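Enquirer: This is the structure I have questions about; it appears just below.
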Amino acid sequence: MKKCPKFTFGVGDRFAHSARAQLQAFIEAEQIGIPITPVWNKSNREHEIIGSEPQQTRDAADQAVKDLGWSGDYFLDADHINLGTVDRFVAPCDFFTLDVADDIGTAADPADIEAFVDKHPELIGTIVIDGLSAPLEITRERVEATARQFLKATQKAKAIYAHIVEQRGGIDNFVTEISMDETDAPQVPAEMLIILAAIADQGIPIQTIAPKFTGRFNKGVDYEGDVFQFEQEFNDDLAVISHAVKAYGLPETLKLSVHSGSDKFSIYGPIKAVLARTGAGLHIKTAGTNWLEEIIGLAASGSDALALVKEIYAAALAKKDALCQPYGTVIDIDDAQLPPADVVGGWDSEDFVAALTHDPTNAAYNPHLRQLLHVGFKIAAHKGSRYTQALKENQAMIAQCVTHNLLERHMKPLFG
Ligand SMILES: [Zn+2]
């Protein structure tokens with residue numbers, strides 16, 4: 001496997017025009033003593049909505065690295081792929097996020113479940129783990145129930161992993177992540193331990209794991225939930241991971257991956273404190289926050305660019321249900337809080353920027369409008385070259401927004 005650096009940060013470049021501005025944030029972070037490795041991620045869903053190919057993301061990332069003289073590591077993440085969608089990602093990517101959410105809850109063969117439970121008597125009883133707030137108490141029934149819930153998903157992950165290795169000519173020179181975030185129920189630390197044992201049994205050299213945490217991780221807006229409980233769960237997951245690394249021989253680089261990680265301002269402080277206390281690494285995945293900065297940059301540019309983003313908002317509002325449909329577990333929009341298109345039509349640059357910019361201290365900030373535009377990139381994709389041309393024409397303003405957002409709102413609070 002290719003070793004995953006300690007701190008990795010996923011960024012999304014939906015229209016392949018912002019990689020340089022994104023990389024600039026990593027360069028500036030490094031200059032102030034925050035070494036983070038960039039990972040460009042784009043899911044199959046995003047490629048389908050935009051009509052792009054993974055190779056284009058690779059080309060944009062490579063070009064940015066060349067243009068800015070970045071000499072550190074960087075990765076390209078095939079984000080949320082499965083057996084049916086992985087093939088076009090195999091050549092350009094070196095980081096694979098195996099999405100097994102669809103198989104969670106599908107029971108594996110009863111004989112496999114029984115064999116798993118019999119193989120792991122150490123999972124039953126009182127398990128004392130260093131750094132855990134309280135010992136885990138796990139019954140045989142609990143191990144069985146968790147295996148019924150997750151064993152099939154780990155078998156599916158193995159099939160995807162093996163397929164990637166085979167397609168790459170038998171070579172595992174990439175980072176493997178397993179994601180379970182897009183499900184309804186959070187995975188508690190006891191389940192995490194059982195899942196990691198099952199992943200180890202499958203022989204997957206997993207280096208990052210994305211559980212579903214307690215609370216809402218809505219796209220592009222702050223965390224909603226009990227911050228104290230989150231901190232405890234995050235801490236306990238890390239304790240379970242370092243225990244599982246030793247107990248099951250998983251890679252020492254194994255770390256947590258926080259999906260929909262952009263803009264979760266209220267948990268960055270707790271995450272930073274836990275990382276400092278434990279010495280653990282982190283992968284954080286962001287994507288759409290970047291596209292929103294493009295929209296903010298366009299709105300700030302005024303004239304035709306402002307008119308274009310108003311048009312995008314009006315169209316997104318008209319197609320709201322269809323746009324939101326694929327994102328059920330990760331958005332939360334109150335229709336009553338969405339301003340009508342004709343109201344937005346009357347806004348100037350400042351109004352639009354204030355409503356969209358994620359500044360919780362600004363009374364004009366509207367998280368509902370922000371989430372709608374977050375999923376509204378399909379509308380921009382339909383505008384084709386009219387949108388990408390606007391990105392080119394207003395590049396300086398947009399780049400400033402993109403770099404500032406990553407560096408000031410994300411990297412410094414998390415790692416600074
Ligand atoms: Zn995810």
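Enquirer: Limited to the stretch 253-271, what total is found for residues that are assigned to a loop (DSSP other than H, G, I, E, B), more than 18 Å from V227 (Cα to Cα) and not β-branched (V, I, T)?
Expert: So the answer is 1.
Enquirer: Just one of the numbered conditions (1) away from the ligand (no atom under 16 Å from the Cβ); (2) over 16 Å from A197 (Cβ atoms); (3) surrounded by 14 or more Cβ atoms within 10 Å (Cβ to Cβ); (4) of a type outside the set (D, E) is not true of I124; which one?
Expert: Among (1) away from the ligand (no atom under 16 Å from the Cβ); (2) over 16 Å from A197 (Cβ atoms); (3) surrounded by 14 or more Cβ atoms within 10 Å (Cβ to Cβ); (4) of a type outside the set (D, E), the lone unmet condition for I124 is (2).
Enquirer: Sticking with this structure for a sec: Those residues that are assigned to a helix (DSSP H, G or I) and within 16 Å of the ligand (Cβ to nearest atom), I need them from the stretch 160-191; list them, please.
Expert: Hit for the stretch 160-191 is I160, nothing else.
Enquirer: When the stretch 367-386 is examined, which residues are found to be buried (at least 20 other Cβ atoms within 10 Å of the Cβ) and more than 21 Å from N44 (Cα to Cα)?
Expert: Of everything in the stretch 367-386, those that are buried (at least 20 other Cβ atoms within 10 Å of the Cβ) and more than 21 Å from N44 (Cα to Cα) turn out to be P367, L369, R370.
Enquirer: Condition first: out of contact with any helix residue (DSSP H, G or I) (no Cβ under 8 Å at 6 or more places or on another chain) and either surrounded by fewer than 18 Cβ atoms within 10 Å (Cβ to Cβ) or in a helix (DSSP H, G or I) (or both). Can you find one or more residues in the stretch 198-213 that meet it?
Expert: no
Enquirer: Kindly list the number of the only condition in (1) among the small types (G, A, S); (2) within 16 Å of the ligand (Cβ to nearest atom); (3) buried (at least 23 other Cβ atoms within 10 Å of the Cβ) that fails for A316.
Expert: (2)
Enquirer: Return yes when G220 is in a loop (DSSP other than H, G, I, E, B), within 15 Å of the ligand (Cβ to nearest atom) and over 27 Å from I164 (Cα atoms) and no when it is not.
Expert: Taking the combined requirement at face value, the residue satisfies it.
Enquirer: A further question on this structure: Does T329 satisfy the criteria of being among the β-branched types (V, I, T), assigned by TED's automatic domain parsing to the domain that holds R45 and in contact (Cβ under 8 Å) with a residue 40 or more places away in the chain?
Expert: No, not satisfied.
Matching residues to (1) farther than 30 Å from A273 by Cβ; (2) touching a residue at least 40 places away in the same chain (Cβ under 8 Å):
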position	(1), (2)
D359	no, no
H368	yes, no
L372	yes, yes
T388	yes, yes
I398	yes, yes
P413	no, yes
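Enquirer: Okay, moving on. Quick one: what pairs do we get from the stretch 98-111, first residue more than 21 Å from Q207 (Cβ to Cβ), second more than 13 Å from the ligand (Cβ to nearest atom) and among the β-branched types (V, I, T), C-beta under 8 Å, 6+ apart or different chains?
Expert: Hits for this filter: A107/I113.
Enquirer: Does G302 satisfy being at pLDDT 95 or above, away from the ligand (no atom under 16 Å from the Cβ), surrounded by fewer than 15 Cβ atoms within 10 Å (Cβ to Cβ) and not charged (D, E, K, R)?
Expert: Here the answer is no, as G302 does not meet what is asked.
Enquirer: Follow-up. Determine which single condition V188 fails, assuming it passes every other condition in (1) within 20 Å of the chain's Cα centre (by Cα); (2) at pLDDT 95 or above; (3) within 24 Å of I127 (Cβ to Cβ).
Expert: (2)
Enquirer: Report those strands (runs of 3 or more DSSP E) wholly inside the stretch 68-159 carrying at least 1 residues which are at positive phi, within 19 Å of the chain's Cα centre (by Cα) and not polar (S, T, N, Q).
Expert: The qualifying strands (runs of 3 or more DSSP E) are 75-81.
Enquirer: So in the stretch 20-55, with the set limited to residues that are among the hydrophobic types (A, V, I, L, M, F, W, C) and in a helix (DSSP H, G or I), which one is farthest from the ligand (Cβ to nearest atom)?
Expert: Here the residue is I27.
Enquirer: When the stretch 230-271 is examined, which residues are found to be within 16 Å of the ligand (Cβ to nearest atom) and of a type in the set (K, R)?
Expert: Residues satisfying the conditions are K255, K264.
Enquirer: Kindly indicate which of R58, R14 is more than 16 Å from the ligand (Cβ to nearest atom) and either buried (at least 18 other Cβ atoms within 10 Å of the Cβ) or of a type in the set (D, E, K, R) (or both).
Expert: Just a single option satisfies the conditions, and that option is R58.
Enquirer: Turning to a different aspect of this structure: How many of the residues in the stretch 229-252 are buried (at least 19 other Cβ atoms within 10 Å of the Cβ) and of a type in the set (S, T, N, Q)?
Expert: Of the residues in that region, 2 qualify.
Enquirer: Any residue in the stretch 82-101 that is closer than 24 Å to D181 by Cα, assigned by TED's automatic domain parsing to the domain that holds Q202 and of a type in the set (K, R)?
Expert: Yes - at least one qualifying residue is present in the stretch 82-101.
Enquirer: Any idea which residue in the stretch 278-322 is farthest from the chain's Cα centre (by Cα), counting only those that are farther than 25 Å from S18 by Cβ and without any contact (Cβ under 8 Å) to a residue 40 or more places away in the chain?
Expert: A318
Enquirer: Just name the residue that is nearest to the ligand (Cβ to nearest atom) out of those in the stretch 272-286 that are surrounded by 16 or more Cβ atoms within 10 Å (Cβ to Cβ) and in a loop (DSSP other than H, G, I, E, B).
Expert: So the residue we want is T286.
The values are calculated or read from the model by the stated rules, or taken from the named source; none is laboratory data. Source: prediction; values computed, not measured. Positions of Cβ are backbone-derived with ideal geometry, glycine not excepted, and every protein chain shown enters the neighbour counts.
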